[in-house]
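Visitor: Quick one: the structure is below, and I'll ask about it shortly.
The values are calculated or read from the model by the stated rules, or taken from the named source; none is laboratory data. Quick caveat: nothing in here was measured; it's all calculated off a predicted structure. Glycine gets a Cβ as well: all are built from the backbone with ideal geometry, and neighbour counts include every protein chain shown. All accessible areas refer to the heavy atoms of the entire protein, side chains included, with ligands and DNA or RNA removed. Shrake-Rupley method; radii C 1.70, N 1.55, O 1.52, S 1.80 Å.
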Amino acid sequence: MQHRYLFPSDFMADPSAHVFGGRLYIYPSHDWESGIPENDNGDHFNMRDYHCLSLADPQKDECRDEGLILSVDDIPWAGRQLWDNDVVEKDGKYYLIYSMKDKNDTFHLGVAIADRPEGPFRPEPNPIRGSYSIDPCVFKDDNGQIYCYFGGIWGGQLQRYRDNKSLENAYLPQGDEPALPARVVRMTDDVLQFAEEPRPVQVVDADGNPQKANDPHRFFEASWMHKYNGKYYFSYSTGDSHFLCYAVGDNPYGPFRFRGVLLEPVVGWTTHHSICEYKGHWYLFHHDCVPSGGKTWLRSLKIAELVYDEQGDIKVLK
């Protein structure tokens with residue numbers, strides 16, 4: 001199956017894909033032309049609502065828009081910039097974990113709840129206690145335990161924190177220093193709070209050494225977790241070097257051994273993505289900016305099929 005666009009009628013990005021009730025649902029961010037000038041802080045990514053999309057046949061269908069599921073106007077603690085989100089099901093309820101700036105322009109994660117995968121979602125009045133940064137991925141393991149992976153550098157504000165505490169002065173590692181890692185945290189049984197302190201997600205080389213800041217394959221943002229043949233696959237965007245990479249571990253906390261590049265740079269900025277199995281096939285969901293003429297804040301959803309070899313390495317079909 002060729003890489004193809006899924007929803008040409010609007011600009012959507014950062015797709016989180018899941019199967020609920022036998023149908024494939026996609027939860028993207030919703031780009032629009034806000035008129036804010038482009039800058040390194042990401043102010044031009046001024047998203048203000050979410051839609052739910054669904055798909056019956058990934059091989060040929062376009063997405064169906066299930067409608068608006070959450071807006072900045074619905075959220076009591078909202079400031080601006082409703083960025084990436086993800087959804088997980090537990091006990092017949094659907095929990096949307098999202099990232100947004102509060103009224104002090106600091107990113108936190110929030111929770112909204114629905115009775116159906118297509119929403120609408122009812123937001124909790126306050127953000128998750130102790131949450132920070134962006135790009136949540138909510139992963140439910142085979143035993144039902146739910147984990148949240150998150151974090152993003154530069155505009156995502158991860159460099160403002162160390163050991164889950166806010167720094168007086170942000171610090172971004174350089175050169176041969178260890179790279180700034182993503183975070184992972186187990187969620188409470190009600191999926192409303194962190195059940196523990198977030199931990200670093202270490203991506204290591206073949207010798208077990210953590211990635212360095214000058215490694216073009218180091219983490220930048222856009223965490224995703226999926227499981228294949230009992231192994232945990234952590235995939236992520238490298239941001240300014242524009243790769244989509246993956247690493248493999250034996251448990252949800254890692255460490256994760258670097259295995260390779262999933263996707264070469266696309267037209268646009270980061271290669272934010274998700275990976276999902278549906279009806280016996282595995283798919284990669286991502287985005288690029290070709291339809292908008294290269295405007296990084298106006299992105300379009302894409303899909304490609306992927307396969308695994310005998311060693312568990314991933315290949316994305318061209």
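Visitor: Looking at region 51-73, I want the residues that are over 29 Å from residue 105 (Cβ atoms) and have a partner that is among the polar types (S, T, N, Q) with Cβ atoms under 6 Å, at least 6 apart or on another chain. Which pairs are those?
Guide: Pairs found: 64/54; 66/54.
Visitor: Further, regarding this structure: If a residue must be buried (at least 24 other Cβ atoms within 10 Å of the Cβ) and small (Gly, Ala, Ser), how many such residues does region 1-13 contain? Give the derivation first.
Guide: To start, the set of residues in region 1-13 that are buried (at least 24 other Cβ atoms within 10 Å of the Cβ) comprises 12-13.
From what is left, the residues that are small (Gly, Ala, Ser) are 13.
So the answer is 1.
Visitor: Hey, residue 42 hits all of (1) at negative phi; (2) in a loop (DSSP other than H, G, I, E, B); (3) touching a residue at least 24 places away in the same chain (Cβ under 8 Å) but one; which does it fall short on?
Guide: (1)
Visitor: Select from region 264-317 the residues that are touching a residue at least 40 places away in the same chain (Cβ under 8 Å), part of a strand (DSSP E or B) and among the charged types (D, E, K, R) and write down the one among them that is farthest from residue 234 (Cα to Cα).
Guide: In this case the residue turns out to be 302.
Let's see how each residue does on (1) out of contact with any helix residue (DSSP H, G or I) (no Cβ under 8 Å at 6 or more places or on another chain); (2) under 16 Å from residue 101 (Cβ atoms); (3) of a type in the set (D, E, K, R); (4) not in a strand (DSSP E or B):
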{"site": "35", "(1), (2), (3), (4)": "yes, no, no, yes"}
{"site": "65", "(1), (2), (3), (4)": "yes, no, yes, no"}
{"site": "77", "(1), (2), (3), (4)": "yes, yes, no, yes"}
{"site": "85", "(1), (2), (3), (4)": "yes, yes, no, no"}
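Visitor: Say we look at region 14-66 and pick out the residues that are out of contact with any Leu (no Cβ under 8 Å at 6 or more places or on another chain) and among the hydroxyl-bearing types (Ser, Thr, Tyr); which of these is least open to solvent (accessible area, probe 1.4 Å)?
Guide: By that ranking, first place goes to 16.
Visitor: Residues of region 203-216 being open to solvent by 70 Å² or more (accessible area, probe 1.4 Å) and either basic (Lys, Arg) or closer than 17 Å to residue 148 by Cα (or both), which ones?
Guide: Across region 203-216, the qualifying residue is only 212.
Visitor: Follow-up. Can you tell me which residues in region 226-256 are among the polar types (S, T, N, Q) and open to solvent by 10 Å² or more (accessible area, probe 1.4 Å)?
Guide: 229, 241, 251
Visitor: Here's another thing I want to ask about it. Looking at residue 304 and the list (1) open to solvent by less than 10 Å² (accessible area, probe 1.4 Å); (2) under 21 Å from residue 240 (Cβ atoms); (3) small (Gly, Ala, Ser), which single condition is not satisfied?
Guide: All conditions pass for residue 304, except number (2).
Visitor: Quick check on region 162-187: of everything there that is out of contact with any Gly (no Cβ under 9 Å at 6 or more places or on another chain) and open to solvent by less than 40 Å² (accessible area, probe 1.4 Å), which residue is farthest from residue 106 (Cα to Cα)? Steps first, please.
Guide: Quick first cut of region 162-187, residues out of contact with any Gly (no Cβ under 9 Å at 6 or more places or on another chain) only: 162-163, 165-179, 186-187.
After this cut, where a residue has to be open to solvent by less than 40 Å² (accessible area, probe 1.4 Å) as well, the list is 173, 175, 179, 187.
On the way: 173: 21, 175: 27, 179: 22, 187: 21 Å.
The qualifying residue farthest from residue 106 (Cα to Cα) is 175.
Visitor: From the set of residues in region 68-101 that are open to solvent by 30 Å² or more (accessible area, probe 1.4 Å) and among the acidic types (Asp, Glu), which is farthest from residue 151 (Cα to Cα)?
Guide: Top of the filtered list is 91.
Visitor: Now a separate question. Name the residue that is least open to solvent (accessible area, probe 1.4 Å), counting only residues in region 112-123 that are touching a strand residue (DSSP E or B) at 6+ places or on another chain (Cβ under 6 Å) and over 21 Å from residue 12 (Cα atoms). Don't jump to the end; show me each part of the working.
Guide: Going through region 112-123, the residues touching a strand residue (DSSP E or B) at 6+ places or on another chain (Cβ under 6 Å) turn out to be 112-114, 117-123.
Still in the list and also over 21 Å from residue 12 (Cα atoms): 113-114, 122-123.
Details: 113: 28, 114: 0, 122: 118, 123: 35 Å².
So, considering only residues that are touching a strand residue (DSSP E or B) at 6+ places or on another chain (Cβ under 6 Å) and over 21 Å from residue 12 (Cα atoms), the one least open to solvent (accessible area, probe 1.4 Å) is 114.
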